[in-house]
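Chemist: After the structure tokens below, expect a handful of questions from me.
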Amino acid sequence: MGFATTTKLSSRLLWNIGEEMDYVLAKIDAGNLHNAIAHAATLVIGIKPEDKEKLSVVLNTFIAEVKNEYKRTEPKMEITCNSVDAPETIIDTDTARRVVNAVYVAPHGIDAMSMEIPGLVETSTNLASVKMRPGNQIVVEMFHRSSLESGKYDLTHRCEAIFRMAGANEIISEGGYQGWEPISDSHLLSVAKDSWEKLFGVRPEVRAIHAGLECGLFLKARPDMEMISFGPTLRDVHSPAERCHIPAVDKAWKQVQNILKVIAEESK
């Protein structure tokens, strides 16, 4: 199991509460950036006074379950519950249930693995955020990526269908990266491998990764160009724990310089 995402956990908690008691939803705020895993969320709900103990049981059970599920990837997970003053407004019950149901069932994470490259994720989605906006709007944002254009659009359409069934007033699909399938025998890749071995004495291991790379945008405009992607070592990308190995930055820069030097000499 990977990193927890608070968009999915929030909808799961609200679903569990709704199975045990009536409640009203006044606020749901989960996630932030479209390409980052949602790491924080705030929910404000209202229940009947006589259901307070029942809510405590549901919440404690939920906390125990998810902390056990994510004990290896989220050892510092925190879930707290506090009493607050009654809000001035609430979300109408029908809208709240439809939003919770749609977010709970919407896909998140790996959708398909590559049939060409073992172990490579081909298509995935990030259920990035659920936000309340001015004008009584609730906005759900998702980010899809795939090395296959057809796979990306199939996933997009399936997610659109889920939110249409939930009664969404408007669905917008925009931006994104074109799928970029790896070419293992390109001349540029050969130059890069030779350059790395010359600089650091080690033959590099070339892999395909699952990422929304700008190379796909360049490829759309110039399908004749050869492209590769490389850089310093990054860990836990698009998560609160994202970090870069600083010494690797210098190596990547030397690699860039040497590749450009070789290409320039070849073009003379």
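Chemist: Using the beta-carbon distance between Ala252 and Val139 and R0 = 35 Å, what value does 1/(1 + (r/R0)^6) give for FRET efficiency, to the nearest 0.05?
Modeler: Once the sixth-power term is evaluated, E becomes 0.40.
Chemist: Would you be so kind as to identify which of Ile90, Pro204, Asn60 lies farthest towards the positive end of the dipole of the chain, taking Lys and Arg as +1 and Asp and Glu as -1 on Cβ and the Cα centre as origin?
Modeler: The one lying farthest along the dipole's positive direction is Pro204.
Chemist: Another one. Efficiency by 1/(1 + (r/R0)^6): what FRET value for Val44 and Cys215, r their Cβ-Cβ distance, R0 = 45 Å, to the nearest 0.05?
Modeler: Efficiency computed from Cβ-Cβ geometry: 0.55.
Chemist: Let me ask something else about it. Whose amide H sits under 5 Å from the amide H of His144, counting only residues 5 or more places off or on another chain, with H placed in the peptide plane?
Modeler: Under 5 Å from the amide H of His144 lie the amide H atoms of Asn126, each far enough along the sequence or on another chain.
Chemist: Additional query: When the dipole is taken about the Cα centre of the chain, and only Lys, Arg (+1) and Asp, Glu (-1) are charged at their Cβ, what size is it in debye, to the nearest 20?
Modeler: 620 debye
Chemist: A further question on this structure: Starting from the 7 Å offset along Cα-to-Cβ, what nm value, one decimal, do you get for the label separation of His157 and Asp194?
Modeler: For the pair His157/Asp194, the computed spacing is 4.5 nm.
Chemist: Dipole magnitude of region 1-127 about its Cα centre, charges +1 at Lys/Arg Cβ and -1 at Asp/Glu Cβ only, in debye to the nearest 20?
Modeler: The dipole of region 1-127 has a size of about 280 debye.
Chemist: Moving to a separate point now. Pull up all non-local amide H partners of Ala4: gap of 5 or more, or a different chain, and H-to-H distance under 5 Å with H placed in the peptide plane.
Modeler: Distant-sequence amide H within range of Ala4: zero hits.
Chemist: Here's a follow-up. Place +1 on the Cβ of every Lys and Arg and -1 on the Cβ of every Asp and Glu in the chain, take the dipole about the Cα centre, and give the residue among Ser10, Leu148, Ser195 whose Cα lies farthest towards its positive end.
Modeler: About the Cα centre, the residue reaching furthest to the positive side is Ser195.
Chemist: Tell me, in nm to one decimal, what length is gained between Ser56 and Glu170 on full extension, where the rule is 0.36 nm per residue of separation less the Cα-Cα distance?
Modeler: Using 0.36 nm per residue and subtracting the Cα-Cα distance, I get 37.4 nm.
Chemist: Determine, from the Cβ-Cβ distance of Ser83 and Leu120 and an R0 of 51 Å, the FRET efficiency 1/(1 + (r/R0)^6), rounded to the nearest 0.05.
Modeler: Given R0 = 51 Å and the Cβ-Cβ separation, E is 0.60.
Chemist: Sticking with this one: Reachable lysines from Lys193, Cα under 26 Å, same-chain residues fewer than 8 places away excluded?
Modeler: By straight Cα distance, Lys193 reaches Lys220, Lys251, Lys254, Lys261, Lys268.
Where a number appears in this text, it was derived from the coordinates with a stated rule and is not lab data. Keep in mind that this is a model prediction, so the values were computed, not measured. Neighbour counts are summed over all protein chains in view; Cβ atoms, including those assigned to glycine, are modelled from backbone coordinates with ideal geometry.
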